[in-house]
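**Student:** Attaching a single structure in structure tokens format; questions to follow.
What follows is calculated from the coordinates using simple rules that are stated; it is not laboratory data. The shown structure was predicted, so the numbers you read here are calculated from the model rather than taken from an experiment. Don't worry about glycine lacking a Cβ; one is built from the backbone with ideal geometry, like all the others, and counts go over all protein chains shown.
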Amino acid sequence: MKRIRNPQDKARALQALAEVALKLEQPEQAIALLAELAKAATGIERSKYKAESWRLAREMADMITSVDGRIQAFSQILMIWAEKEALPAAKKKAAS
């Protein structure tokens, strides 16, 4: 499954495999596949959220008329984004 890059394709493949496992009366395998499907679905939602957030940030920066102001706005947006992305990893590392 790691070779399937598109999250929607991966989710469809996992769902199909889980259905096959159930039909073959392998509930443990089906449960494992469904757990992986849940992770893939979470990834899809995150990527949609990120795309929408980035679109809104670009629209806001485009409202700034000066080029320097637009560059500064994008710079700040990217810094906030990077900090937000790094925070969960830092919390996880601190908890270990």
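**Student:** Within 15 Å, Cβ to Cβ, of Ile31, how many net charges do the neighbouring residues add up to if Lys/Arg are +1 and Asp/Glu are -1?
**Tutor:** Values: positive: Lys23, Lys39; negative: Glu19, Glu25, Glu28, Glu36.
Charge balance near Ile31 sits at -2.
**Student:** Here's a follow-up. Once you have the Cα-Cα distance between Ala41 and Glu28, take 0.36 nm times their residue separation minus that, and quote the gain in nm to one decimal.
**Tutor:** Extra length from Ala41 to Glu28 when fully extended: 2.7 nm.
**Student:** Moving to a separate point now. Evaluate the distance, in nm, between pseudo-label points positioned 7 Å from the Cα of Arg58 and of Arg70 along their respective Cα→Cβ axes.
**Tutor:** The two pseudo-label positions are separated by 1.2 nm.
**Student:** While we're on this one: So how long is each side of the chain along the principal axes, counting just the alpha-carbon atoms, biggest first, in Å?
**Tutor:** So the three principal-axis extents are 64, 33, 18 Å.
**Student:** A further question on this structure: Give the calculated FRET efficiency between Trp81 and Asp9 to the nearest 0.05, with a Förster radius of 22 Å applied to their Cβ-Cβ distance.
**Tutor:** Working from the Cβ atoms, E equals 0.25.
**Student:** Rule-of-thumb check for the stretch 49-96: C-alpha Rg over 2.2 N^0.38 Å?
**Tutor:** That ratio works out to 1.45.
**Student:** Here is a follow-up. Against the longest principal axis of the chain, how steep is helix 27-62, in degrees 0 to 90 to the nearest 10, with axes from Cα atoms?
**Tutor:** Roughly 10 degrees, rounded to the nearest 10.
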